[in-house]
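Working notes, beginning with the structure itself.
The values are calculated or read from the model by the stated rules, or taken from the named source; none is laboratory data. Only a predicted model underlies this, so the values are computations on that prediction, with no experimental measurement involved. As a convention, Cβ positions derive from the backbone with ideal geometry for all residues, glycine included, and neighbour counts pool all protein chains shown. Only protein heavy atoms, including side chains, enter the accessible area calculation; ligands, DNA and RNA are left aside. Shrake-Rupley method; radii C 1.70, N 1.55, O 1.52, S 1.80 Å.
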Amino acid sequence: MKKIFAYMYDRRGSFDEVCYEGIDYINYSFGLIDNGVLSIKHLEHFDDIVKMERSFGIILSIGGWGADGFSDAVLTKESRELFINSIIDVVKKYSLDGIDLDWEYPGISGAGTKCREEDTPN
């Protein structure tokens, strides 16, 4: 069975104005990486969407074009554990249906983001 996914960018305005009919999952964008951990503090409307009565699942997209922090967050076993645990905390706290790692691009400095040769295997 096919599933319909839609990206929703944290924006001003009412989420009630959006037609959700036929959407199975929303990729809510974008969580960022701050000092090696997932940060959603800049998402002004995140609480509104996760608390609304809905018939769709919510997946938090982390990263996006120009989002930095991935290379540092995955550099060592310890940094990966810290990053992963911060993601698990947010998923549990908000009862999310999943995450989407939108790292553009491992090993390449897209939009001036930090990169390393070992990004892809990490």
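At a glance:
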quantity: Complete set of residues in the range 63-80 that are in contact with a Ser or Thr (Cβ under 7 Å, 6 or more places away or on another chain), under 13 Å from ASP119 (Cβ atoms) and not hydrophobic (A, V, I, L, M, F, W, C); calculated: ASP68, ASP72
quantity: Positions within the range 42-56 being open to solvent by less than 40 Å² (accessible area, probe 1.4 Å) and part of a loop (DSSP other than H, G, I, E, B), in sequence order; calculated: LEU43, HIS45, PHE56
quantity: Failed condition for ASN85, given (1) within 24 Å of GLY112 (Cβ to Cβ); (2) in a helix (DSSP H, G or I); (3) of a type in the set (S, T, N, Q); (4) out of contact with any helix residue (DSSP H, G or I) (no Cβ under 8 Å at 6 or more places or on another chain); calculated: (1)
quantity: Within the range 17-41, considering residues that are modelled with pLDDT of 95 or more and in a loop (DSSP other than H, G, I, E, B), the one most open to solvent (accessible area, probe 1.4 Å); calculated: LYS41
quantity: Residue satisfying all of: in the range 36-66; within 9 Å of the chain's Cα centre (by Cα) and among the aliphatic types (A, V, I, L, M); farthest from GLU78 (Cα to Cα) among these; calculated: ILE59
quantity: Residues (over 26 Å from GLY57 (Cα atoms) and without any contact (Cβ under 8 Å) to a residue 24 or more places away in the chain) located in the range 82-122; calculated: TYR105, GLY107, ILE108, SER109, GLU117, THR120, PRO121
quantity: ILE59 assigned to a helix (DSSP H, G or I), surrounded by 12 or more Cβ atoms within 10 Å (Cβ to Cβ) and either on the phi < 0 side of the Ramachandran plot or modelled with pLDDT of 95 or more (or both); calculated: no
quantity: Some residue of the range 95-107 being over 18 Å from the mean Cα position of the chain (by Cα) and either surrounded by 12 or more Cβ atoms within 10 Å (Cβ to Cβ) or over 23 Å from TYR9 (Cα atoms) (or both); calculated: yes
quantity: VAL91 being under 14 Å from ASP10 (Cβ atoms) and part of a helix (DSSP H, G or I); calculated: no
quantity: Flag if LEU75 is of a type in the set (A, V, I, L, M), open to solvent by 50 Å² or more (accessible area, probe 1.4 Å) and closer than 18 Å to TRP103 by Cα; calculated: yes
